[in-house]
């Protein structure tokens, strides 16, 4: 299978959550009110939020995946995963602005500023936007080494989204905990890699 | 998820309006037959709660009723916070069939003249059932309109005869992992506990509900006996009550134990006191698109505001 064929499949898989949501939306529109639950806006909110977090985590898993399994080609999918994280985060944000608060900007700004739980999500969304804009080849070329430094903010996004997830949930922390543990493992892998890198360098120099 | 489609093919939900279910029992029963037929095919499909039965001789004087459009029975019984059956909104609908609401015993203890273990019927049947169409405002900023059936808590309290030491009333939900599988996970320090100040408990609005839409309570709505306090957030409405205690000190209610900065004892609906993580100034009525303004005491200020005169409601949230 060629790389472009694989990409088509990955695109399809990454679109599945959105397609599923559209389908449920259609069922809802067709008066099957069990679709999307009795409170569709809240349901869409949780669903798009969870999807965004999972693509952030998948994006952060690319490098460890390459190193552990030796699948170097995984790097070809990293930008795509980041952009899908951005895509679902935007759906999440648009749902918040349009469906939930219907452009009630006074309340929306107040919510974003006053509630740390929402602020964390908002910061992550802004960074995601920044990284999405600078994800093109042109920007990579123009920014040079600065691009790598900027895109290390992906770790900050990870930190903010799992925090946002943990603090927004009322009592059942199971799912946010799973997200957090996965994030911790992905960061832990990098820390271990760095630590061993410096240790080895020291030994070589000695 | 399979059963969703089976239900919708039996009776298309667009054809069911609450009033028609309510006043045209035949259609409702047909929907019920649909369930039965599916179950008979041998699929492992949970029945939507257990069966409910019609309640008789309900007084409908309408004094406290809201005129607003009622939320359909289907929604009221499929979108619930009842962590004893799981933490997702549709978990109670799917899992509550394991609850056995009859026979049911309620333990009465504390500072009371007539303590003991009461059979549910002994507690309820001496009193005339009343229907109350109340707004229900969840602390999560959504709301419904529900026609409850029950008796004023005051009538039960008067019969039990609290002593002068009884300042508060404390309720406990059933703690039985076999009947309530959500309790295998310690999301809440089981059993669920709620309480009211005695004057709140005696307020004529406070209802001990045994039914809704003219039938006994579906399991997922807290069968066979639950509290309804319409001017407070929904979590005060403790479900499947097995113990009523008359106590001297303010009971420690479950959500306050879990997150004391976010949930108080009083939990009065108040648009001016925000939840730590979201505004309480507005809410979404289930079935509506735009948010609506939340009313002080959920619109029941006339009946209950006097209970809190002189109290700082920002502090005593």
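Just to verify a number: FRET efficiency for residue B:68 and residue A:187, C-beta to C-beta distance, R0 = 56 Å, to 0.05? FRET efficiency, residue B:68 to residue A:187: 0.65. Here each label is just a point 7 Å from Cα along the line to Cβ, and for residue A:198 and residue A:13 those points are 3.5 nm apart. Computed over every Cα-Cα pair of segment A:73-161 and binned at 5 Å starting from 0, the pair-distance distribution P(r) comes out as 3, 12, 21, 22, 16, 11, 8, 5, 1, 0 percent. Residues of segment B:181-224 with backbone nitrogen within less than 13 Å of a virtual label 7 Å along the Cα-to-Cβ line of residue A:174, please, listed as ranges. Answer for this model: B:181-188.
Enclosing the Cα atoms of chain A in their convex hull gives a volume equal to 175 cubic angstrom per residue. What is the angle, in °, between the Cα long axis of helix A:78-94 and the longest principal axis of the Cα atoms in chain A? Nearest 10 is fine, range 0 to 90. The angle comes out near 30 degrees. Could you state the angle between the C-alpha long axis of helix A:3-29 and the longest principal axis of the C-alpha atoms of chain A, as a value from 0 to 90 degrees rounded to the nearest 10? Once rounded, one gets 20 degrees. Here the extension length gained between residue A:141 and residue A:23 equals 38.5 nm, from 0.36 nm per residue of separation less the Cα-Cα distance. Enumerate the whole-percent occupancy of each 5 Å bin, from 0 to the last occupied one, for all C-alpha pair distances of segment A:1-88. Binned Cα distances yield the sequence 3, 14, 19, 19, 16, 11, 8, 6, 4, 1.
In chain A, helices alone account for a calculated mean residue ellipticity at 222 nm of -27000 deg cm²/dmol, with every DSSP H run of four or more residues adding -39,500 (n - 2.57). If R0 is taken as 45 Å, the Cβ-Cβ distance between residue B:309 and residue A:150 corresponds to a FRET efficiency of 0.20.
When the alpha carbon gyration tensor of the protein assembly as shown is reduced to an equivalent ellipsoid, the three semi-axes, largest first, read 48, 27, 22 Å.
With both labels modelled 7 Å from their Cα along Cα-to-Cβ, the residue B:114 to residue B:154 distance reads 1.8 nm. One decimal place: the segment residue B:121-residue B:316 gains 66.6 nm when fully extended, by the rule 0.36 nm per residue minus the C-alpha distance.
Highest GNM mean-square fluctuation among A:117, A:85, A:125, for chain A modelled with Cα contacts below 10 Å: A:117.
As a length-normalised measure over Cα pairs under 8 Å and 6 or more apart, the relative contact order of chain A settles at 19 percent.
Among A:149, A:137, A:54, the largest mean-square fluctuation in a Gaussian network model of chain A, built with springs joining Cα atoms closer than 10 Å, belongs to A:137. For segment A:1-74 versus segment A:82-115, the spacing of their alpha-carbon centroids is 19 Å. Note on residue B:185/residue B:51: beta-carbon distance plugged into 1/(1 + (r/R0)^6) with R0 of 25 Å gives a FRET efficiency of 0.35. Computed from Cα positions, the angle between helix A:105-114 and the longest principal axis of chain A comes to roughly 40 degrees. With a 10 Å cut-off around each Cβ of A:36-46, the average count of Cβ atoms from other chains is 5.
We did not get these values from a lab; they are worked out from the coordinates using the rules stated. Since the model is a prediction, treat every value here as computed from it, not as a measurement. Because the Cβ atoms are built from the backbone with ideal geometry, glycine has one as well, and the counts that use them run over all protein chains shown.
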